[in-house]
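The values are calculated or read from the model by the stated rules, or taken from the named source; none is laboratory data. Note that the structure is a prediction, hence the values are computed from the model and not measured. Note that each Cβ is placed from the backbone with ideal geometry, even for glycine, and that neighbours are counted across all protein chains shown. Side chains are part of the model used for accessible areas, which takes the heavy atoms of the whole protein and leaves out ligands, DNA and RNA. Shrake-Rupley method; radii C 1.70, N 1.55, O 1.52, S 1.80 Å.
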Amino acid sequence: MNCQLARFSLLLLPALLSLTSVAFAAIESPHGKFNLDCQLCHTTDNWLQLKQDGGFSHETMTSFPLVGKHKGVKCIDCHTSLVFVEAPTQCVDCHTDIHRGQFTSNCGQCHTPGQWVDEVNFRRMHDATRFPLVGVHASLDCQSCHSAGQYVNLVTRCIGCHAEDFASTTTPDHTDAGFSQNCTECHSVSASSWKGPQFVHSETFPLTGGHALNDCQACHSAGYVNTSTACAECHSADYTNAQNPTHEAGAFPQECQTCHTINSWRPAAFDNHNLTAFPLTGAHILTDCAQCHVGGQYTGTATACADCHQADYDGATNPVHDAAAFGSSCEQCHSTESWRPADFDNHHLTAFPLTGRHIEVNCLECHVGGQFSGTPADCWSCHQEDYNATTDPNHVASNFPQNCEVCHSTDNWNDALFDHNLTSFPLTGAHVQTNCLDCHIGGVYDGTPADCWSCHQEEYNATTDPNHVASNFPHDCAVCHNTVDWEQATFDHNNTDFPLTGAHVQTNCLDCHIGGVYDGTPADCWSCHQEEYNAQSDHVQNNFPHDCAVCHNTVDWEQATFNHNNTDFPLTGAHVQTNCLDCHVGGVYDGTPTDCWSCHEQDYNDADDHLENNFPHDCLQCHNTNDWDSGFNHSNTDFPLTGAHVSVNCLSCHTNGQFENTPTDCWFCHQTDFNNANNPDHNEGYPQECLDCHTTSNWNSNFNHDQQHFPIYSGRHSDEWNLCSECHTTQGNFAAFSCIDCHEHSNQGDVDDEHEDVSGYTYTPTSCYSCHPDGNEGPNVRKRNHKEVKPERTGVKN
């Protein structure tokens, strides 16, 4: 029976296996569309027991690599459903937005999987906002300003945080005084204390001398706004009570500083009469003030001489001032030193200064009848009779001008001398000896022409060598002739638009002025030198410009020199000595390329690494015309070399001589340094941004835990720990820490009892830091007698 059963089982086994395969094939995967082999994670021994060292890699097989704190999260925390593709990948899917939508949903702008809270980075980001943290603000905890969880649209004006300080200040009372709410006018954000304002009074009203009072209320009794700076506002009583002299009755100005100083109100001294409209000089200095300021009246006092000296003016008899209509400006004859004797010696200050014989003439000869006002100042008024009586030459017949000083002087009337140089036609050369009537025909002096042609037309027409008429010479004789010698005519070509230089100076005039034609002669080189240009085979072939002066000069036509610096390609360095035909191949000068590659392609190809590394064809990036073997300046790239990088061999970074697209991040070169670091072990989750702690000048870490985060090398936590992981309990996540795994914190009951009257207290790993940011108890922590309990740890100081 058993044998038959066994035989039957063997017969049914293939059919059972077939049915089992069909059944398995019909089972739908609980993971949804998941194309990976089940054996990556599961075993045939126990389906629910997953492989610990299976071949599944979240980094290479998914689009969500696990880094930082994500490495330590249990799979089921994210994959709440067996359909793995339904697991969320956005930060907000797992992390509650405690900012209440004030920022974007991209947590990665501020947080990283490796460090969720980075105070240093937060403060650096704050500097890019409209309220950079400076001075005392830089040392404040974030919650000092963002206590209500509000991070955007906060007021940035001082009064937004300091309204209570403003309102509570009584010395002086800011509100009553109407002070500006711009606190920085008196307070400094860099000061160690809010008190001790920095207000500088000198900006509005300098406090010096007697004004240097410590009592602000002496002037600001009515407040601090719109306080007047006028003296009279504070010194009105002094002004009113002044008796010597009486200020009010005398209508003294209220600019007290005119007589008083800020050092002392008394004694006052007015010694600045020179600053008034009437400076005191001579006898006026000793005159009693009351003689001019009658009745103590100091304002509106007249400054004209006649106001004080009218009686003297009316009583003058030698000469009689009133009858002679003398002006009332007494200072013309009198001085402040003494009223008498008067002496009018200032005729030079009048419209008619006295010179020559005029000085000795009796005043009444001109001032007829003692009339001093309106006396004419022209010669004709006194010398009309002399003009009419003169016959050699006859002034009237010749219509001489009535301006006598043209020929006569005040020194001697008879020895008249006409200076032709004072006219519009000065006499020079042979003109000096010419008889006046040769030009002034018939003795007519008015309207005599001053041009050469009017007198020398006959000589112009008669000249045949060269023929002036045929050559259409200009009528301006002075172009070639001079007044010294008419026959020795010389033409100065330098006065034309074509000055003669070099060989042009000796060239015969008719070589250029063909047929003796001087008008319209061309001035360009080509017009005369076309034959020489065409005779040069290379000039025509290379289409040289027709401006011969580019290479030739007037001194020596054959010694042509070309200045390459006047082209678009100035020659420098070794290019200066290069033979022209090395660049202008075949003698072709037109269209010669100016880029390095056109001449230096062979040098480029012969270089060991240029082709292999696809170096750019712009040779000037590394070479120059003075030294082809000059070096490459790395500072002109996106990665300037600093610190230890300066001395690093190029191939250390440019592996296998590859210079294109070389990475510039630290990790590319320093991955080995990162992996080998053991103090501390960087593989515990340290970020791969080396510059956070290292510099190119000093690879040794400059990370300072005490100043940047929390004091662990000083204060109460010094020597109380051995490993970073004692506080940073989540492997690889240094942004996460726990306070409750040491001391008495391990017993929640004791901690709850200790904080029973602390508002907002919670028992969480990091809540201690909110009240104890420096590790100390703090002023608001209630003191209790309790025994501190610490877990025993090997090597840990209790």
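Summary of computed values
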| quantity | calculated |
| --- | --- |
| Test result for His504, touching a Phe, Trp or Tyr at 6+ places or on another chain (Cβ under 6 Å) and surrounded by 11 or more Cβ atoms within 10 Å (Cβ to Cβ) | no |
| Criterion (in contact with an Asp or Glu (Cβ under 9 Å, 6 or more places away or on another chain), more than 30 Å from Asn495 (Cβ to Cβ) and loosely packed, with under 12 Cβ neighbours inside 10 Å) met by exactly one of Gly591, Gly587 | Gly587 |
| Looking only at region 439-490, and only at residues there that are of a type in the set (A, V, I, L, M), open to solvent by 60 Å² or more (accessible area, probe 1.4 Å) and part of a loop (DSSP other than H, G, I, E, B), the one that is nearest to Pro393 (Cα to Cα) | Val444 |
| First in region 163-186 and of a type in the set (Phe, Trp, Tyr), second anywhere and open to solvent by 40 Å² or more (accessible area, probe 1.4 Å) and outside any loop (DSSP other than H, G, I, E, B), Cβ under 8 Å, 6 or more apart | Phe166/Thr175 |
| Identity of the residue in region 340-368, assigned to a helix (DSSP H, G or I) and aliphatic (A, V, I, L, M), that ends up most open to solvent (accessible area, probe 1.4 Å) | Leu349 |
| Extreme residue, modelled with the lowest pLDDT, among residues of region 37-68 that are open to solvent by less than 60 Å² (accessible area, probe 1.4 Å) and more than 60 Å from the chain's Cα centre (by Cα) | Gly54 |
| Complete set of residues in region 404-434 that are part of a helix (DSSP H, G or I) and either closer than 23 Å to Asn394 by Cβ or open to solvent by less than 70 Å² (accessible area, probe 1.4 Å) (or both) | Cys404, Glu405, Val406, His420, Leu422, Gly429, Ala430, His431 |
| Tally of residues being more than 53 Å from the chain's Cα centre (by Cα) and open to solvent by less than 80 Å² (accessible area, probe 1.4 Å) across region 69-82 | 5 |
| Residues of region 89-111 that turn out to be assigned to a helix (DSSP H, G or I), under 45 Å from the mean Cα position of the chain (by Cα) and of a type in the set (D, E, K, R), as a count | 0 |
| Region 507-535: number of residues that are surrounded by 12 or more Cβ atoms within 10 Å (Cβ to Cβ), part of a helix (DSSP H, G or I) and of a type in the set (Ser, Thr, Tyr) | 1 |
| Tabulated pairs, region 497-526, first more than 20 Å from Asn472 (Cα to Cα), second surrounded by 10 or more Cβ atoms within 10 Å (Cβ to Cβ), C-beta under 6 angstrom, 6+ apart or interchain | Leu500/His493; Thr501/Thr554; Gly502/Thr554; Gly502/Val555; Ala503/Thr554; His504/Thr554; Cys525/Cys548; Trp526/His546 |
| Residue ID - farthest from Asp446 (Cα to Cα), chosen from residues in region 388-403 that are of a type outside the set (Ser, Thr, Tyr) and open to solvent by less than 40 Å² (accessible area, probe 1.4 Å) | His395 |
| Residue that is surrounded by the fewest Cβ atoms within 10 Å (Cβ to Cβ) [pool: residues in region 315-328 that are small (Gly, Ala, Ser) and either in contact (Cβ under 8 Å) with a residue 40 or more places away in the chain or out of contact with any helix residue (DSSP H, G or I) (no Cβ under 7 Å at 6 or more places or on another chain) (or both)] | Gly315 |
| Residue within region 635-651 that is under 30 Å from Cys724 (Cβ atoms), open to solvent by 50 Å² or more (accessible area, probe 1.4 Å), part of a helix (DSSP H, G or I) and of a type outside the set (Val, Ile, Thr) present | yes |
| Residues located in region 290-304, provided they are part of a helix (DSSP H, G or I), of a type outside the set (S, T, N, Q) and without any contact (Cβ under 8 Å) to a residue 24 or more places away in the chain | Ala290, Cys292, Val294, Gly295 |
| Filtered residues of region 617-643 (kept if closer than 15 Å to His600 by Cα and within 32 Å of the chain's Cα centre (by Cα)) | Leu620, Gln621 |
| In region 551-573, residue nearest to Gln530 (Cα to Cα) [restricted to those that are open to solvent by less than 80 Å² (accessible area, probe 1.4 Å) and outside any loop (DSSP other than H, G, I, E, B)] | His564 |
| Lone unmet requirement of (1) in contact with an Asp or Glu (Cβ under 8 Å, 6 or more places away or on another chain); (2) farther than 30 Å from Leu66 by Cβ; (3) open to solvent by 50 Å² or more (accessible area, probe 1.4 Å) for Leu133 | (3) |
| Which numbered condition Gln371 fails, given (1) farther than 30 Å from His440 by Cβ; (2) touching a His at 6+ places or on another chain (Cβ under 6 Å) | (2) |
| Matching residues, region 83-110, being hydroxyl-bearing (Ser, Thr, Tyr) and loosely packed, with under 10 Cβ neighbours inside 10 Å | Thr96 |
| Val85 in a helix (DSSP H, G or I), free of Cβ contacts under 8 Å to residues at least 60 places away in the same chain and over 28 Å from Asp692 (Cβ atoms) | yes |
| Residue list for region 305-337, restricted to those being in a loop (DSSP other than H, G, I, E, B) and of a type outside the set (Gly, Ala, Ser) | Asn318, Pro319, His321, Asp322, Phe326, Cys333, His334, Thr336, Glu337 |
| Single unsatisfied condition, Val540 versus (1) in a helix (DSSP H, G or I); (2) open to solvent by 70 Å² or more (accessible area, probe 1.4 Å); (3) touching a Cys at 6+ places or on another chain (Cβ under 8 Å) | (3) |
| Qualifying residue in region 717-728 (condition: of a type in the set (Phe, Trp, Tyr) and within 18 Å of Val117 (Cα to Cα)) | no |
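Condition check ((1) among the acidic types (Asp, Glu); (2) at pLDDT 85 or above; (3) open to solvent by less than 80 Å² (accessible area, probe 1.4 Å); (4) under 52 Å from the mean Cα position of the chain (by Cα)) across all residues:
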| residue | (1), (2), (3), (4) |
| --- | --- |
| Ala251 | no, no, yes, no |
| Phe270 | no, no, no, yes |
| Asn274 | no, no, no, yes |
| Ala290 | no, no, yes, no |
| Thr301 | no, no, yes, no |
| Ala304 | no, yes, yes, no |
